[in-house]
Amino acid sequence: MSTIQMPVPDAGIIAQKPQIVAALQAVLPADAVISDPAETRAYECDALTAYRCPPLAVVLPRTTEEVAAAMRICHDMGVPVVPRGAGTSLAGGALPTADSVVIATLRLREVLEIDTSNRFVRVQTGVTNLSVSGELAPLGFFYAPDPSSQLACTIAGNIAMNSGGAHCLKYGVTTNNLLGVRMVLASGEIVEIGGPLPGAAGLDLLGLICGSEGQLGIVTEATLRILPRPEGARPMLIGFDSAEVAGECVARIIRSGLLPVAIEYMDDVCLRAVEGFARAGYPDCAAVLIVEVEGSEAEIAEQTERIRAIAAALHPVEFRSSRNDDESLAIWKGRKSAFGAMGRLGDYLCLDGTVPVSKLPFTLRRIGELSREHGLEVANVFHAGDGNMHPLILFDANKPGDLERAEAFGRDILRLCVEVGGCLTGEHGVGIEKRDLMSAQYGPDDMAIQMEVKSALDPRWLLNPAKVFPLDASQPWREGTAR
Amino acid sequence: MMAPASEAELAALVADHHGRAAPLWLAGGGTRLRLPQAAALSTRALSGVVTYEPGELTLIARAGTPVAEIEALLASQGQALAFEPMDHRAILGTTGAPTVGGVVAANVSGPRRVLAGACRDHLLGVRFVDGRGRVIRNGGRVMKNVTGMDLGRLVAGSFGTLAVLTEVALKTLPLPEAQETLAFPGLDAAQAVALFSAALATPFEVSGAAFHAGTAWLRIEGLAAQVAYRRARLTALLRDHTPEVLDAAASRALWQGLRDVAHFAGEGALWRILVKPTDAPATAAALARLGGNASLDWGGGLIWYRGPGEPAQVRQAAGAGLAMLLRPSGDAPPLFPAEPPGVAAISAALRRTFDPAGILNPGLMEG
């Protein structure tokens, strides 16, 4: 049925399951090792639910040392390890293989240190993204990256995938807010990298580790940069009768010297779905922008006025700015319920290619054409300020062949993103989903050096193998025949 | 000195050196380090802006493009490199033209790092030649990109020891419409850092927090009305002090000097020390006991120390901080801080990956 292949699992490892589980149980608490197939099934997939495979066993450690002990055993026995946070990856980043042990960070839940004088927090990485900001709120601080799964997703997963969110235009993504890690390498060795100092002694290893999709190690503790909470924030809603003009409005706002914290875009398909679902009172038009600015009341008013003037020159069908918290919630209501609303229309594939902002109108037009060619509807809802698109391809999972058609459509969209100067993935990661498209963006040497880097830290390719790189390209590395 | 005019020519040259395991000392404009040996290869002939899109906040330039050319181009559109790269010529007595490749290779950031992040935080993508002579592309030109491993940030700050940068893509940001600076005279380092911690915990986007010779400075930027508002709020918050207000012109001049550490220009050993900001007062006191002078930037996270002291003594004074001897007295090369053993092993493995023959600025970053 589905089109993404995984390597044939190693029968020798599967046959060794009793010995592997016994070795793990010997060094870990009884409740930290799961091997009953009825229970491992809970870990058979992440949020890319079309792909499922229960692992050999699941380990749920409570300390870095327990992660290291489990990793050492897997290393010594040659067992692949699939790191897992909360399992919210949309790219199959945490998809197990039948011959793998899943090591999940879920029980690493301690907040270790909050230091507002030096502006950092140190946490175990099983804490959820939202709970970090929750801990900081009474102190007037917050943690900036805010992926839309922030209620569930963990800091470990955020670091592995270099997660973004709606406010990246101003605050950056995870890699811009990560100061240090404690990490377990494939060998089971524990290393400390970075910390509250503004820089490294030597190479910038944090930059490499962040976004490496569990290929280099498992991060068990993290030092995160925290920021003072803005005095206030207010969104405005701008409706246009043309996608092209909405795109032009985004470029003009950015060129004007203003830096809104968020510029979100929703197209007509999405708007109609949202109206039917959330009744947010959005205009019925081709495109809606939600622009949020921050500061004091006076600062917000001035920025809002400037954006109103920029928008007015482009003749919007509606301009609505929020005057109070209720109106802010109303403006955000539709955007926040967009994915739920789309889910009501049927199954969907959510992509996240990024394009240069100036190419947004062309890309949207071309996606419309591809939609007609593939005979599947698509809705666009995305972070326009940074060009990070989220086309949602609607399909019917119960209809034979529909998933394959949706995946083919998705591949065309992602190739389009690369062609116009963008990339395959802005914040979800490659995982298995975009693995075989990597060659659309990178040449053989570009990929080879990335695989050599993985080999430098994980010479036996035990960590999350068969992800990120096309299977044929990674095969010699996974089988130990490269070089 | 060799200065190849194309990436292909540069790649062939590196491949040749790789084949012979011949060391290759390299530089951009040659302004940021005194290398142990004269540079044999410069990227300065790989020059020119490839793309600049103000509406996308994106600049792509070849590695040898002079920083001055880029800053002028961005300023013409009301934009800038928000990380405010420092110019090392005053403190090192070097004379070349700083290049954008050098900025990235040394991850050079200025006072605004405390708000906007370091050079590496603004890096969108790179092209480079690795130690075997392969041309590699990584990242791209868009702000959000998690496609594959992030090698750009790894190469940023590697001082030419992993690869030769040939092209960089950087995020640009709007120049603040207005700025001014609050000066707080008559403070010691402990009072200054306490002031910084208080100011940087506010939402008023303090974009500079530095201290030298008994005066602490806070820079405020933004829209004109915003600056006035932020000044009033900060002054009310820090009511134990009575600051002087420096207007935009005075503020600009002040921060350019602080950025370039002009107060420690000239000769004599100069150390660059990274610490946890609240450790800065104790570290500065320990350094003072060695007999020299210290200034602070980045809210206390960066200490500049000019004065006497053997490397071992300065490192001891730095405690948990990271001390780099950027300007040794005499003609000696710089001395980098040592990496902890576990980290050093990873770095060594990465160096073997990027540069198997160990030819690119060999041993430069060894502590």
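Please give the Cα centre distance for segment B:191-258 versus segment B:1-64, rounded to the nearest Å. Cα centres, segment B:191-258 to segment B:1-64: 38 Å. For A:Lys333, the aspartates and glutamates whose Cα falls under 14 Å of its own Cα, not counting residues fewer than eight places away in the same chain, are A:Glu264, A:Glu275, A:Glu292, A:Asp325. Residue by residue, segment B:98-114 carries 3J(HN,Hα) couplings of x, 10, 5, x, x, 4, 6, 4, 9, 6, 7, 10, x, x, 5, 3, 5 Hz when phi is fed to the Karplus relation 6.51 cos²θ - 1.76 cosθ + 1.60 (θ = phi - 60°); x denotes Gly or Pro.
Summarising the label geometry, the points placed 7 Å from Cα in the beta-carbon direction at B:Glu9 and B:Ala288 lie 5.5 nm from one another. When chain B is treated as a Gaussian network with alpha carbon springs shorter than 10 Å, the biggest mean-square fluctuation among B:Ser109, B:Ser47, B:Ser329 belongs to B:Ser329.
Any chance you could list the semi-axes, whole Å, largest first, of the equivalent ellipsoid that the Cα gyration tensor gives for the protein assembly as shown, using √(5λ)?
Result for the protein assembly as shown: semi-axes of 40, 35, 27 Å.
Percent of C-alpha pairs per 5 Å bin in segment A:59-138, short distances first: 3, 13, 21, 19, 16, 13, 8, 5, 2, 0.
Farthest towards the positive end of the charge dipole of the protein assembly as shown, among the residues B:His122, A:Cys249, A:Ser148, is the Cα of B:His122, using unit charges on the Cβ of Lys, Arg, Asp and Glu. Computed from the C-beta positions of A:Arg107 and A:Ala38 and an R0 of 22 Å, the FRET efficiency is 0.65 to the nearest 0.05. Considering segment A:233-339, its Cα convex hull presents a mean projected area of 5.9 nm².
Each stretch of four or more DSSP H residues adds -39500 (n - 2.57); spread over every residue of chain B, this sum gives -9000 deg cm²/dmol at 222 nm. Using only side-chain charges placed at the Cβ, +1 for Lys and Arg and -1 for Asp and Glu, the dipole size of segment B:258-347 relative to its Cα centre rounds to 140 debye.
Once all Cα-Cα distances of segment A:346-419 are split into 10 Å bins that start at 0, what whole-number percent is in each one? Binned Cα distances yield the sequence 21, 56, 20, 3.
Note on B:102-113: average number of Cβ atoms from other chains within 10 Å of each residue's Cβ is 1. Over the Cα atoms of segment A:412-454, the radius of gyration divided by the Kirkwood radius equals 0.97; this is the Rg/Rh ratio. What the Kirkwood sum gives for segment B:7-174 is a hydrodynamic radius of 15.9 Å, with every pair of different alpha carbons counted.
When all protein chains stay in place and ligands, DNA and RNA are ignored, the 1.4 Å accessible-area order of A:Val181, A:Val8, largest first, is A:Val8, A:Val181. Rounded to the nearest whole angstrom, the semi-axes of the ellipsoid equivalent to segment A:11-104, taken from the Cα gyration tensor as √(5λ), stand at 20, 15, 11, largest first. According to the Kirkwood relation over distinct C-alpha pairs, the hydrodynamic radius of chain B is 21.3 Å. Backbone geometry of segment B:358-365 corresponds, through the Karplus equation with coefficients 6.51, -1.76 and 1.60 at θ = phi - 60°, to 3J(HN,Hα) couplings of x, 9, 8, 6, x, x, 4, 8 Hz, x marking Gly and Pro. Here, P(r) means the percent of Cα pairs in each 5 Å bin from 0 to the largest distance; for segment A:289-400 it is 2, 9, 16, 18, 19, 15, 10, 6, 3, 1, 0, 0.
For B:Ser47, neighbours were defined as the other residues whose beta-carbon sits under 10 Å from its Cβ, and their charges (Lys and Arg +1, Asp and Glu -1) total +1. Across all Cα atoms of segment A:111-228, the radius of gyration (one decimal) and Dmax (whole number) stand at 13.1, 40 Å.
Which value in Å is the Kirkwood Rh of segment A:99-153 over different Cα pairs?
Evaluated on segment A:99-153, it is 12.2 Å.
Around the amide H of B:Thr58, modelled in the peptide plane, lie the amide H atoms of B:Glu53, B:Thr172, all under 5 Å away and 5 or more residues distant in sequence or on another chain. Which of A:Ala440, A:Leu414, A:Val430 sits closest to the plus end of the dipole of segment A:413-483, meaning its Cα is farthest towards the positive end, when Lys and Arg get +1 and Asp and Glu get -1 on the C-beta? Most positive-ward Cα: A:Val430.
Cross-link partners of B:Lys171 among lysines, defined as those whose alpha carbon lies under 24 angstrom from its own and excluding same-chain residues fewer than eight positions apart: A:Lys170, A:Lys359, B:Lys144. Close amide-amide hydrogen proximity is noted between B:Leu46 and B:Gly64, each under 5 Å apart and 5 or more residues distant or on a separate chain (H modeled in the peptide plane; Pro and chain starts excluded). Ordered from highest to lowest accessible area with the whole protein assembly present and a 1.4 Å probe, B:Arg252, A:Arg365 read as B:Arg252, A:Arg365.
Secondary-structure-derived ellipticity at 222 nm for chain A, considering helices only, amounts to -10500 deg cm²/dmol, per-run term -39500 (n - 2.57) for DSSP H runs with n ≥ 4.
Taking 1.002 mPa s as the viscosity and 20 °C as the temperature, the Stokes-Einstein diffusion coefficient of chain A based on its alpha-carbon Kirkwood radius rounds to 92 µm²/s.
Just need log10 I(q)/I(0) for segment A:146-207 at q = 0.14, 0.22 Å⁻¹, Debye formula, equal scatterers on the alpha-carbon atoms, no solvent, rounded to two decimals. Here log10 of I(q) over I(0) equals -0.47, -0.98.
The trypsin sites (Lys or Arg not before Pro) of segment B:135-239 that DSSP puts in a loop, and whose beta carbon has at most 12 other beta carbons within 10 Å, are B:Arg239. Accessible-area rank, largest first, for A:Arg62, B:Arg351, B:Arg89: A:Arg62, B:Arg89, B:Arg351, with all protein chains present and a 1.4 angstrom probe.
With Cα atoms defining each centre, segment A:192-269 and segment B:163-179 are spaced 16 Å apart in the structure.
The values are calculated or read from the model by the stated rules, or taken from the named source; none is laboratory data. Just so it is clear, the structure is predicted and the values come from calculations on it, not from any experiment. When we count neighbours, we look across all protein chains shown, and the Cβ atoms used for this are built from the backbone with ideal geometry, even at glycine. With ligands, DNA and RNA removed, areas are computed over all heavy atoms of the protein, side chains included. Shrake-Rupley method; radii C 1.70, N 1.55, O 1.52, S 1.80 Å.
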